[in-house]
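Encoded as C-alpha cells, the structure appears first; notes follow it.
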Amino acid sequence: ETGVTQSPTHLIKTRGQQVTLRCSSQSGHNTVSWYQQALGQGPQFIFQYYREEENGRGNFPPRFSGLQFPNYSSELNVNALELDDSALYLCASSTRLAGGPDTQYFGPGTRLTVL
Amino acid sequence: ILNVEQSPQSLHVQEGDSTNFTCSFPSSNFYALHWYRWETAKSPEALFVMTLNGDEKKKGRISATLNTKEGYSYLYIKGSQPEDSATYLCASPPNQAGTALIFGKGTTLSVSS
C-alpha cells in the first residue's frame, strides 16, 4: 500500500449539498493532487497543493476548492453538488524532486454519489 | 491540450499468455510517461516512470518501452497470471512543472485460469 489514506470511503449526498473529502499524504510528501474519475474515464486532474498553496488547477469550476494543512494533509470541498459530480475522487501525494518527474502515490479514493 | 490515449480498451487472455498494450501521447514537449496498475478496490500502484527515448523498464514479468519521437509506450506482460487482472493506466504531465498528470482511459486486462 502507498500510505495515502482517504476518508470517507463512500458518501451519498443530494443535489445542492456541500461535501468535504479528506486525504492524508504519505510521510515525507509535501504535495497533494486531487483527481476525479467519472465512469469510463481516466482520472481528471482537479488541482494540486504544494506546501499549503494551490499549485495548478484543471478545468473544474470554482465550487471545487481545497486546502492543505501544515502536516500536508488535504481537503477537497465541493459546493452546490450536481448529479455529474458523482465519481470516484482520488488524492495522490508526492514530493518535489529537483530535475526529475514526481511519482504520485494514490489513495484508494472516495466514492461520491449525488442523488 | 495534452491528449493521452490507450488501446485496447479491454483485453481478455488466458493464464500463461503474453500480452501488450499501447499508450499514445503527443511527441512534442514530452517530459515523462508514467504507468500505473489499478486493481479493483485498491489504490493505483505506480509501476514505471520513463523519461528518455528508448527507455526500457522491467518489474518482474512486466516491462515497458518508450518512444518519445513517435509518441508511444508499450507495456508488456509475460506469462500473464490471474493476479495481473487490473486496469493499466498511463499518464503524462503537460509540462516540466509536472503539476498535473494527464491520464488515458486505461486498458482493463482480465486473465482467466
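No lab work stands behind these numbers, since they all come straight from the coordinates. This is a predicted model, so every value here is computed, not measured. Here the Cβ positions follow ideal geometry from the backbone for every residue, glycine too, while neighbour counts run over all protein chains shown.
At-a-glance table
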item: Peptide B:99-110, shielding by other chains (average Cβ, 10 Å cutoff); result: 5
item: Cα coordinate range in the protein assembly as shown, projected on the principal axes (Å, largest first); result: 48, 41, 32
item: Where Cα atoms sit under 19 Å apart: lysine pairs in chain B separated by 8 or more or lying on different chains; result: 5
item: Fraction of antiparallel bridges per DSSP, chain A only, in percent to nearest 5; result: 90 percent
item: Sorted by Cβ density within 10 Å, fewest first, the residues B:21, A:64; result: A:64, B:21
item: Approximate spin-label separation residue A:96-residue B:28, in nm, with each point projected 7 Å along Cα-to-Cβ; result: 2.8 nm
item: Neighbour-limited loop hits for trypsin sites (Lys or Arg not before Pro), the range B:10-65 (at most 16 other Cβ within 10 Å; DSSP other than H, G, I, E, B); result: B:42, B:61
item: Relative compactness, chain A, computed as alpha-carbon Rg over 2.2 N^0.38 Å; result: 1.01
item: Equivalent ellipsoid semi-axes, chain B, via Cα gyration tensor eigenvalues times 5, rooted, Å; result: 24, 14, 12
